[in-house]
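Reading through the structure tokens given below for one structure.
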Amino acid sequence: MGGVVRQYQIDVDPKRLRAFRIPVSAVVEAVLRSNRNVGGNVVEGSGTWSVIRGLGLIESTTDLEQVVIGGDNGVPIFVRQVADVKIGDAFRTSALGTTTEP
């Protein structure tokens, strides 16, 4: 209980999107593709099997800023060119309260 959940936040600038003629859905899709869970397999050693699986690829705001969302005449367009990326607090959706019995 308590505390805040930290998350990556991408604040897309509509004017910059329009300048590149890119829909916001392209940004969403590019970020989703860049951070998909990666596959895994099993590793055998000393008669035991260990399951190896990778979860998410994004490790910093720089990783998100470098995601390619499109191209213009062969030149990549990056998230950093249409949005500001930061770490912030997740929106709270509930609260814990106490009640007193009479």
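The numbers here are math on the coordinates, done by the rules we state, and not lab data. Treat the numbers as computed from the prediction; the structure is a model and nothing was measured. Note that each Cβ is placed from the backbone with ideal geometry, even for glycine, and that neighbours are counted across all protein chains shown.
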- Message: Could you tell me which residue out of Val85, Thr61, Val28 lies farthest along the dipole of the stretch 6-89 toward its positive end? Charges go on the beta carbon: Lys and Arg +1, Asp and Glu -1, centred on the Cα centre.
- Response: Val28
- Query: Using modelled backbone amide H atoms (1.01 Å from N, in-plane), which distant-in-sequence or interchain residues come within less than 5 Å of Ile77's amide H?
  - Reply: Ile69, Gly70, Gly71, Asp72
- So what are the ³J(HN,Hα) numbers for the stretch 26-31, from phi and the Karplus equation (6.51, -1.76, 1.60; θ = phi - 60°), rounded to whole Hz, Gly and Pro as x? 5, 5, 4, 4, 5, 5
- Considering amide H positions built from the backbone, and no H for Pro or chain starts, which residues 5 or more places from Ala83, or on another chain, come under 5 Å of its amide H? Asp13
- Once phi is turned into θ = phi - 60°, what whole-Hz ³J(HN,Hα) does the Karplus curve with 6.51, -1.76 and 1.60 give for every residue of the stretch 69-80, x standing for Gly and Pro? 10, x, x, 9, 6, x, 9, x, 10, 9, 3, 4
